[in-house]
Amino acid sequence: MLVKTYCAAVNGLEVTTVTAEVSMSRGIQFHLTGLADTAVKESYDRIKAALVNNGFKMPSMDITINLSPADIKKEGSGYDLPLAIGILSANGKVESDKLDKYMMVGELGLDGHLQPVRGALPIAIRARAEKFKGLIVPKQNIREAAVVNQLEVYGMDSLMDVVQFLNGYKTFEPTIIDTRKEFYEQQNHYELDFSDVRGQESVKRALEVAAAGGHNLIMIGPPGSGKSMLAKRLPSILPPLSLAESLETTQIHSVAGKLNRDTSLISQRPFRAPHHTISQVALVGGGNNPQPGEISLAHNGVLFLDEMPELSRSVLEVLRQPLEDRKIGISRAKYSVEYPCSFMLVASMNPCPCGYYGDPTHNCVCTPGQIQRYMNKISGPLLDRIDIHCEIQAVPFAQLSQMQPGEPSANIRERVIKARKIQEERFKTFKGIHCNAMMTERMLHQFAEPDAQSLDMLRMAMERLKLSARAYSRILKVARTIADLAGSEKVESMHIAEAIGYRNLDRGDWAERGI
C-alpha cells in the first residue's frame, strides 16, 4: 500500500514542500531515500520506539520511504512525525483520507511525545501558500506557527494525539492568536531608558542622529565612560517595527531556533551583542547545516560589537559586504543560501590598549607605536562604512551625582519617528529604500545636494582630513538626517558641519593629539 504525508524542508529562509511516500510490501527491509541526512536516517529508531511505547507494532514488512523531491537535502528531526504517521497509515492504523489536507512536522521522543523543531513559522507560511487546510506542530511551536492566518494550526503533545485527531476519535481546536493585539501591546515596553544616563549629551545626540537615519556608529572612549550602557539603550529610541518587518525578523529567529516558546511575533527591534571571540561562521552564518549568523539575527535591529579591535581582523573584514548590500550570500560545496541582514552596526572601543589615552584622570602607559597598531586593527575600508565616529569621556562626579534624570527615551523616539516619516515619504517610490543610510549615489544628488557654501566646507574637509569618496557620501547621508531632525527641506552648511564633526577617526593626527 502506498501512502503520502506532507512536511517541509527549510533551506535558509526558503521552504520546500516535501512529500513523504511510504510503500509497504512483503519483506523485512527498511529503505529511506531522498537525500536524507543522519538525523533523518536515525528517525527509524525513534519511530520504532515511539510506536512500541504507544501500543503499536512496527510492521514486519519491507518499508520503502521516499522524501520527494529527492534532489533537495533533508535535514533535522522534524520528519519523524510525518514518517511515523505514514507508516501507521500504510499499516491500516490511521485513516488516510485526511492526510492530504494537513502538513505536519515534529520530532518524536522515545515515549511518543513531540519535541519542538526549528522553522515552524516559515513552514506555516508555506503550508498556507500550498493551500493546505491545516498544520500540525509540537505544542511548543504553536505560538509562532499560529501567527499565520487563514490556516488551521494544531499544537499536539504526542503521537497518540495526532493519531486520534486523524482518525476522528478526539476533537482538537485550532489555536487562534490575535497577532495585531499582542504585537502592539508589547511594542513599547523597554527595560532600559535614556533617562538613566547622566550627562553625555553629545553622545546622546549622535545616537539620536544614528537612530533617525539608520546610520552605523562607533564610540571611542576610556573604560567606564558609558559606551556599553548607551549602546544598550539605543533600541528604546528606534522606530517601532512594522508588522512586515516583525514577520521577517521572526522567521529568521524561528529558522535559527532562537524564539522563546511563549513568543508569537518579535515586537521589538533585535539587539545582538556577540562576544569578541566570535568566529566568522557564527557572525555571518553557515556551518554544516546552514544557520543564520549574528548579522542576520540583528536584521531590522542593532548589532553591537563591544571592544571592536579585540575581534579578529578576519572576522571584522567579513562585515564589509553585508554593510553595503544588506544581505549575505553563503556558498558552500553542498549548498547556497542567502539571508537578509539590514542592521545598524554600533561599535565601541578604547582609544589604546590600556584604555586611558587622552583621559585627563589617568596616565596612559602605551607607546605611540602600540596606539597606532591598536587603531590599525580596524581597517580603513571598514571604518569608511561607519557613518558616525563619536568620542566619549567619563562623566565627572558633579554630573554623575545629580539626581535629576536625563531626557527619557520616549521624547527622543518621538523626534526619531518624525524624521523617519519624512524619509518614508521621500523614498516611497524607491523599492527597498527606507532610511537615509540606504540612499544610493544618484539619490544623494537628488535629495542631499549641498549648496555652494556647504560644498566649499566639504572640499576643505576632504583635503584636510584626506577623506575617501565613500566618506564623502556618508557625510552627505548624515547631513540629510540632521536636516530631517531639524525639519529642514534642504541640507544647509550647519548640517554639513555637524556631519563632518562625526568623522573624528578620519583625522590623520587623531592618534597624536589625544581626545
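The values are calculated or read from the model by the stated rules, or taken from the named source; none is laboratory data. Since we're looking at a predicted model, the values are computed, not measured. Every residue, glycine among them, receives a Cβ derived from its backbone with ideal geometry; neighbour counts consider all protein chains shown. The area values use the complete protein model at the heavy-atom level, side chains included, leaving out ligands, DNA and RNA. Shrake-Rupley method; radii C 1.70, N 1.55, O 1.52, S 1.80 Å.
Legend: distances between Cα atoms for 334/477; 258/334; 4/327; 73/258; 41/139; pairs beyond 29 Å are 334/477; 4/327. Relative contact order of the range 345-449, taken over Cα pairs closer than 8 Å and 6 or more residues apart, is 13 percent.
Using C-alpha pairs under 8 Å with a sequence gap of at least 6, the mean separation divided by the residue count of the chain gives a relative contact order of 13 percent. Compared with the alpha-carbon gap, the fully stretched path from residue 466 to residue 307 is longer by 54.6 nm at 0.36 nm per residue. Counting only alpha carbon atoms, the long axis of helix 469-485 and the longest principal axis of the chain meet at about 90°. In the structure shown, the pairs 204/418; 48/133; 133/170 are assessed against 20 Å; a Cα-Cα span above that value is assigned to 48/133. Backbone phi angles across the range 353-360, fed through the Karplus curve with coefficients 6.51, -1.76 and 1.60 (θ = phi - 60°), yield HN-Hα couplings of x, 7, x, 10, 5, x, 7, x Hz in residue order; Gly and Pro are listed as x. Measuring only protein heavy atoms, the 1.4 Å probe finds residue 434 accessible over about 100 Å². Placing unit charges on the Cβ atoms only, positive for Lys and Arg and negative for Asp and Glu, gives the range 254-327 a dipole magnitude near 260 debye about its Cα centre. Averaged per residue, the chain has 45 square angstrom of accessible surface, using a 1.4 angstrom probe with ligands and nucleic acids left out. Using the Cα coordinates of the chain, the gyration tensor eigenvalues translate into equivalent-ellipsoid semi-axes of 53, 23, 21 Å, sorted from longest to shortest.
Entry note, the chain: the mean residue ellipticity at 222 nm calculated from DSSP H runs of n ≥ 4, each adding -39500 (n - 2.57), is -10500 deg cm²/dmol after division by the residues and rounding to the nearest 500. Structural descriptor for the range 93-248: relative contact order 17 percent, calculated from alpha carbon pairs under 8 angstrom and at least 6 residues apart. The protection proxy used here, the mean number of other Cβ atoms lying within 10 Å of each residue, ranks peptides 406-416, 217-227 as follows, highest first: 217-227, 406-416.
Taking the 1.4 Å solvent-accessible surface of the chain as the whole, the part contributed by carbon and sulfur is 49%.
Candidates 65, 137, 362 compared by Cα position along the dipole of the chain: farthest toward the positive end lies 65, with charges placed on Cβ. Loop-located trypsin sites (Lys or Arg not before Pro) in the range 139-176 (DSSP state other than H, G, I, E, B) with a sparse environment of at most 15 neighbouring Cβ atoms within 10 Å: 170.
Working from label points 7 Å from Cα in the Cα-to-Cβ sense, the residue 190 to residue 173 distance is 3.8 nm. Spin-label model, residue 335 to residue 26: label points 7 Å out along the Cα-to-beta-carbon direction sit 4.2 nm apart. For residue 74, go through the aspartates and glutamates and keep the ones whose alpha-carbon is under 12 Å away, minus same-chain ones fewer than eight residues off. Cross-link targets: 37.
Averaging over all projection directions, the Cα-based convex hull of the range 17-130 occupies 6.9 nm² in the image plane. In this Cβ point-charge picture (+1 for Lys and Arg, -1 for Asp and Glu), the chain has a dipole of about 520 debye about its Cα centre. Distance between the pseudo-spin-label points of residue 181 and residue 201 (7 Å out from Cα toward the beta carbon): 4.6 nm. Please check which bits of the range 333-368 a label hung off residue 35 would reach, taking the label as a point 7 Å along Cα-to-C-beta and the cut-off as backbone N under 20 Å. 333-339, by backbone N distance to the label point. Note on the range 233-360: Cα-Cα pairs beyond 18 Å make up 56% of the total pair count. Can you work out D for the range 416-468 in µm² s⁻¹ from Stokes-Einstein, where Rh is the Kirkwood radius over C-alpha pairs, the temperature is 37 °C and the viscosity is 0.692 mPa s? Approximately 256 µm²/s, per Stokes-Einstein.
Sorting 298-308, 372-382, 234-244 by average packing, meaning the other beta carbons within 10 Å per residue, from highest down gives 298-308, 234-244, 372-382.
Compactness ratio for the range 390-491: Cα radius of gyration over 2.2 N^0.38 Å (N = residue count) comes to 1.36. Note on the range 189-251: with charges restricted to the Cβ of Lys and Arg (+1) and Asp and Glu (-1), its dipole about the Cα centre is near 300 debye. Give, as ranges by residue number, the residues of the range 27-60 whose backbone N falls under 14 Å from the point 7 Å along Cα→Cβ of residue 72. Residues passing the 14 Å test: 34-36.
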